[in-house]
Amino acid sequence: MGEKFQPFIHLLDIPYGKYVFDVNKSSAIKVPDAVYAYLKDMTNEPDAEVREYLEDLRARGYLKEKHVKVSEHPVTEYYHSFLKNNLGQLTLQVTQGCNLKCEYCAYSGNYFNREHTNKAMSFETAKKAIDYFISHARDSSHFAISFYGGEPLLEFGLIKQCVAYADSRAEGREVSYNFTTNGTLLTEEKYDYLVEHNFAVLVSLDGPQEVHDRHRIFAGSTVGSFQKMSDNVKMLRRKYPNYFAEMVSFNTVIDPAYPIKAICDFTDTDEWISGSNILSTVINDVQAKEKNHYSETFLEEYEYEKFKVLLWKVGRLEKKDISPLMRKHFTGIKQMAAFFERTEQNELPDKGHRGGPCIPGVRKLFVDVDGRLFPCERVSETSEVACIGHIDSGIDEKKALQLLNIERITSEECRNCWAYAMCSTCFMYAEDKGKLSRDKQLMECQSNRMQADKQIKDYLVLRELGYSGELDS
Amino acid sequence: MEKLMVYPYSKAYEPYVSNAEVLGEYMVTALVSPRGWGYEGDIIVDGQGNRYMVSADFTEKLDDCTCVWFVADDRRKIPKELLREKLQEAVKHGKKILYTRYGDDYCEEMKQLIPTELYIEKKMKLETVLNLSKDRTYNIDTPIIVVAGLGQDTDKLAVQFILMQKLRGKGYTAILISSRQDGDWKGVYGMPEFVFDHSVGETEKIIKLNHYVKQIEISEKPDVLLVGVPGAVLPLDGINHNEFGILAYEISFAVPCDAAVICMPYQSLFNGDYSQLAEDMQKRFGFSVAGIHMAAVVQDAQEFYAERKLSYVSIEQKVVDRKVSEICDDSVWNIRSERGAEKAVSQLIDILSD
Ligand code: SF4
Ligand code: SF4
């Protein structure tokens, strides 16, 4: 084992032992301290015992030095067929307008993105998009249409037209409909319709009134929207309790500048949301003109709440001890569990692509009010690279393939990066004033790797304590 | 000649169109698919170069046919009400009905809607040529080619049809017991219902299937039998278990296998080395793998990692052709191409003659 031996690995030290994450095998294996110490600096010759251990690992296929040689996403060679056959979700931006003006909204003017306008989608454009969807989804097991805004309920009439059209055109398929709303425009008449068409509804709710109204205020005023939204939602719950339980959930955007405890207490105790599914995210600042400010209290409370989730997962706390707001805060580790609990691979392929990007225009397709096509609703609508076509001309495959193969802008770095498979950034992180920037992408790498490192460690600790991803359904 | 409409048409029924000879006295005149399935406007070409355009207009196409074949595709659900509506419409227009959606739990309810004079039972009569003992299996002396798949949607039926036709073209009497329950056609027996019936015990199933094949052997006196294995032969993981290949296991006791063709989805990393798979097939089922057919579908890896569910996406034949010629191995084929089919059949004949 000479000096040149450079296994493609990442070392992890957790309280329960020392681990090697083997990039080729996509597997984490516990090793004795002496082996770990040798692999850490690899300057001195290993002693006989370590050498024997390493030989054994190599015989079992670990510690290979292989790296991907060519950056190419595996779907590249049949991307055209994926586009043609596998679209699963169409998101229609029915309006760019909103009756609220939330500070952290991607369209508030605080982001490198478009701002709210009065534009609405025409029914003609919506019809073309629905026809496109139907003719590009034959192999897809999903068939969902989402309505997006602004506030989609401002265009309730258009939504109804779209549903009637999709139902008539999608004969033989079950279409699922959904939208996200600020809840202020929900009315009784709309409830009946939503129930009849079994809409999944995601209501934005940031916490108790004083928290919610901090950001979610009616446009052109200083009046918060909590009262109106909660009155409407309570009425819906009263009128259709079963539908509410099954189809209505909440999305909480957390502002890290403030403590989180008040939000947790609210979701724990407030009756009208009890038992509901609550998703939560910290304000997304990827395209923001100013980055988030994290207060110390927030960080302390947030980490504590997340730690409680881990304790719940290993049976040290009960579900009831965990705030509903935090219960979903386990996705990252669950993904890690799925990653490690699936079949090991033998080695990295010659041609490959890091994790992160979706297949643009395939699982999801976002159509803006003007019929322009984007991979999803989260990307900047003003970005030249993000726009992958128009509903009149279809997807520009060349542009889409560039986004699919985003690794190519940082090929060298990625192919040598231990977090290759678990990287979670897409082109959105590299987008800079309408172009793909290698430098901007690389600025994300450190935090990306730190996050991967933390998630593997959390997962390994849980695994040591008896956690199993497949039993955690 | 009955003029046949296939409804609800999907890719799973394309082999019946491109190998129209198996339909015997039936001639496809209309392919109708629910509009939401996305097949409308597709052109399917049969062996003679005739072109069929998939329509979504059931009513209009009814005029072109004398018989409607209601087919089933496990991958595509059709709402019961829509099916009932179309069935009633066909009956109202006096069309004969072939109904092979045996897997639906409302199959009998639908069949009740078909007047006896319109209902066609698509079953060949097998004379009871022997008084077979109920508690033993019998030797099958005819050479048998087994066609099995590593996943759903891997062209199994097309491969069975193509091999059968090619063998017949070379002067052999080839009879197929197909992997599907689509009724019996010219030289094709459907997989019998009891094979899928959970109330039939495993031993009984094996013996009955053996007897079924034995009877076919005796009454048809074929030179070669092809047997299609329903479902997939191997579990992928605990979630995508493919029923653990149980049917393949049972079939392997019911009929011997002289050569097996394994259909697999396209894999860009596949280098032609299937020795591990061949060993597995031999050990588990006694299938001696003669070769691999690569189908123009790929596993949707993102869907698999996101939802742990296996699904397949169709890709272009040219991607498979490219791969097969790159691998350049006499036992890795794209049987859907003329060249691949010829190669596979001559290879199989060599094996069976040995
Ligand atoms: S955020 Fe990026 S990876 Fe995710 S769906 Fe949107 S474009 Fe795709
Ligand atoms: S963290 Fe950076 S270098 Fe590593 S794979 Fe992701 S983008 Fe590439």
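The values are calculated or read from the model by the stated rules, or taken from the named source; none is laboratory data. Everything numeric in this text was worked out from a predicted model, so none of it was measured. All Cβ positions, even for glycine, are placed from backbone atoms using ideal geometry, and neighbour counts span all protein chains on display. Ligands, DNA and RNA are excluded from the accessible area calculation, which covers all protein heavy atoms including side chains. Shrake-Rupley method; radii C 1.70, N 1.55, O 1.52, S 1.80 Å.
Rounded to whole Å, give me the distance from the Cα center of segment B:24-80 to that of segment A:108-178.
Segment B:24-80 and segment A:108-178 have Cα centres separated by 29 Å.
Per residue, how much accessible surface does segment A:219-332 expose to a 1.4 Å probe? Answer in Å², no decimals.
That works out to 54 Å² per residue.
How large is the accessible surface of A:S393 in square angstrom, using a 1.4 angstrom probe and rounding to the nearest 10?
100 Å²
Seen from all sides and averaged, what is the projected area of the convex hull of the Cα atoms in chain B, in nm²?
Answer in nm², one decimal: 18.1.
Which of the trypsin sites (Lys or Arg not before Pro) found in segment B:282-354 are in a DSSP loop and have at most 12 neighbouring Cβ atoms, other than their own, within 10 Å?
B:K309
Please list the three semi-axes, largest first and in whole Å, of the ellipsoid equivalent to segment A:279-331, using sqrt of 5 times the eigenvalues of its alpha carbon gyration tensor.
In descending order the semi-axes read 26, 12, 8 Å.
Could you check which residue among B:M191, B:M294, B:M27 shows the biggest mean-square fluctuation in a GNM of chain B with a 10 Å Cα cutoff?
B:M27
Give me the accessible area per residue for segment B:144-353, probe 1.4 Å, as a whole number in Å².
39 Å²
What number, in percent, do you get for the relative contact order of chain B if the mean sequence gap of Cα pairs under 8 Å and at least 6 apart is divided by its residue count?
Taking the mean separation of contacting Cα pairs over the length of chain B, I get 14 percent.
Give me the mean projected area, in nm² to one decimal, of the convex hull enclosing the Cα positions of segment A:363-472.
8.9 nm²
Divide the volume of the convex hull of the Cα atoms of segment A:9-66 by its number of residues and quote the answer in cubic angstrom per residue. Spell out each step's value before the answer.
On the way: hull volume 4.5 nm³, N = 58.
Dividing the Cα hull volume of segment A:9-66 by its residues yields 78 Å³.
Taking only the Cα atoms of the protein assembly as shown, how large is their convex hull per residue, in Å³? Can you show the working numbers first?
Numbers: hull volume 161.2 nm³, N = 827.
Taking only Cα atoms, the protein assembly as shown has a hull volume of 195 Å³ per residue.
Nearest 20 debye, what's the magnitude of the dipole of the protein assembly as shown about its Cα centre given +1 on Lys and Arg Cβ and -1 on Asp and Glu Cβ?
Around 680 debye, computed over the protein assembly as shown.
Could you work out the local net charge near B:E117, counting Lys and Arg as +1, Asp and Glu as -1, over the other residues with Cβ closer than 15 Å to its Cβ?
+2
Which one, A:A419, A:I406, A:V23, is farthest towards the positive end of the dipole of the protein assembly as shown when Lys and Arg carry +1 and Asp and Glu -1 on their Cβ?
Of the options given, the answer is A:I406.
Set the bar at 25 Å for Cα to Cα. Now go through B:K95/B:K186; A:K101/A:K328; A:K40/A:K313; A:K261/A:K319 and name every pair that lies beyond it.
A:K101/A:K328; A:K40/A:K313
First compute the accessible area of segment A:76-310 with a 1.4 Å probe, then give the percent of it belonging to carbon and sulfur atoms.
The C+S portion of the solvent-accessible surface of segment A:76-310 is 50 percent.
What net charge is computed for the residues neighbouring A:E174, neighbours being all others with C-beta under 15 Å from the C-beta of A:E174, Lys and Arg scored +1, Asp and Glu -1? All intermediate terms of the calculation are to be shown ahead of the outcome.
On the way: positive: A:R138, A:R169, A:R173, B:R35, B:R75, B:R76, B:K77, B:K80; negative: A:D167, A:E171, A:E196, B:E81.
Local charge sum for A:E174: +4.
When a/c is below 1.5 the answer is rounded, else prolate if a/b is larger than b/c, else oblate, so apply that to segment B:144-353 with a ≥ b ≥ c taken from the square roots of the Cα gyration tensor eigenvalues.
Values: a/c = 1.78, a/b = 1.16, b/c = 1.53.
Oblate, because a/c is 1.5 or more while a/b does not exceed b/c.
Just going by the charge dipole of segment A:76-310, with Lys and Arg at +1 and Asp and Glu at -1 on Cβ, which of A:G183, A:H212, A:Y79 is farthest out on the positive end?
A:Y79
Ranked highest first by average number of other Cβ atoms within 10 Å, how do B:30-38, A:436-444 line up?
B:30-38, A:436-444
What accessible surface, in Å², does a 1.4 Å probe find on A:H10, ignoring ligands, DNA and RNA and rounding to the nearest 10?
30 Å²
Nearest 10 degrees, 0 to 90: what angle lies between the long axis of helix A:331-341 and the longest principal axis of chain A (Cα atoms)?
The helix A:331-341 is inclined about 40 degrees to chain A.
I need to check one value: relative contact order of chain A, counting alpha carbon pairs closer than 8 Å and at least 6 residues apart, in percent.
Reported relative contact order: 19 percent.
Express as a percent, rounded to the nearest 5, the fraction of DSSP beta bridges in the protein assembly as shown (both residues included) that run antiparallel.
30 percent
Work the Kirkwood hydrodynamic radius out for segment A:178-287: mean of 1/r over every pair of different alpha-carbon atoms, inverted, in Å.
14.4 Å
Give me a single rounded figure for A:139-149: the average over its residues of other chain Cβ atoms within 10 Å of their Cβ. Before the final figure, lay out each step's value.
Numbers: counts 12, 5, 7, 3, 2, 0, 0, 0, 0, 0, 0.
Whole-number average of other-chain Cβ neighbours for A:139-149 is 3.
Would you kindly compute the Cα radius of gyration of segment B:2-120 and its largest Cα-Cα separation (Dmax), both in Å?
My reading of the Cα-based Rg and Dmax gives 13.3, 39 Å.
Going by accessible area, probe 1.4 Å, with all protein chains left in place, what is the ranking of A:V70, A:V35, largest first? Write down the numbers at each step before the final one.
On the way: A:V70 75, A:V35 5 Å².
The most accessible residue leads, giving A:V70, A:V35.
Rounded to the nearest 20 Debye, what is the dipole magnitude of chain B about its Cα centre when Lys and Arg each give +1 and Asp and Glu each give -1 at the C-beta?
Computed about the Cα centre, the dipole is about 380 debye.
Report, to one decimal in Å, the Kirkwood hydrodynamic radius for chain A based on all distinct Cα pairs.
Averaging 1/r across every pair of different Cα atoms and inverting gives 24.6 Å.
By what distance, in whole Å, do the Cα atoms of segment A:76-310 stretch along each of the three principal axes, largest value first?
For segment A:76-310, the Cα extents along the three principal axes come out at 52, 47, 41 Å.
What total accessible surface area, summed over both chains, is buried at the interface between chains A and B, computed with a 1.4 Å probe and given in Å² to the nearest 100?
Summing both sides, the interface buries roughly 2600 Å².
Leaving ligands, DNA and RNA out of it, rank B:T116, A:T43 by accessible area with a 1.4 Å probe, largest first. Walk me through the numbers before you get to the answer.
Working: B:T116 120, A:T43 90 Å².
Ranking B:T116, A:T43 by accessible area, largest first, yields B:T116, A:T43.
For Cα pairs less than 8 Å apart in space and 6+ apart in sequence, what is the mean separation divided by the residue count of segment A:76-310, i.e. the relative contact order in percent?
Computed over segment A:76-310, the figure is 19 percent.
Would you calculate a helix-derived [θ] at 222 nm for the protein assembly as shown, using -39,500 (n - 2.57) for each DSSP H run of n ≥ 4 and dividing by the full residue count, to the nearest 500?
Helix contribution divided over all residues of the protein assembly as shown: -10500 deg cm²/dmol.
Considering only protein heavy atoms, what is the solvent-accessible area of B:K214 at a probe of 1.4 Å, reported in Å² to the nearest 10?
Answer for B:K214: close to 30 Å² accessible.
Among A:362-371, A:241-250, how do they line up by average Cβ neighbours within 10 Å per residue, starting with the highest?
Values: A:362-371: 22.6, A:241-250: 16.0.
Put in order of decreasing packing, that is A:362-371, A:241-250.
Probe radius 1.4 Å, ligands and nucleic acids left out: which of A:R214, A:R173 has the largest accessible area, and how do the rest follow?
A:R214, A:R173
Just counting partner chain Cβ atoms within 10 Å, what average do the residues of peptide B:34-43 show around their Cβ?
Values: counts 4, 9, 15, 8, 15, 2, 2, 1, 1, 0.
Across B:34-43, the average partner-chain Cβ count within 10 Å equals 6.
Whenever you get a sec, compute what percent of the accessible area on segment B:2-120 sits on carbon and sulfur atoms (1.4 Å probe).
Summing carbon and sulfur atoms, their accessible area is 47 percent of the total for segment B:2-120.
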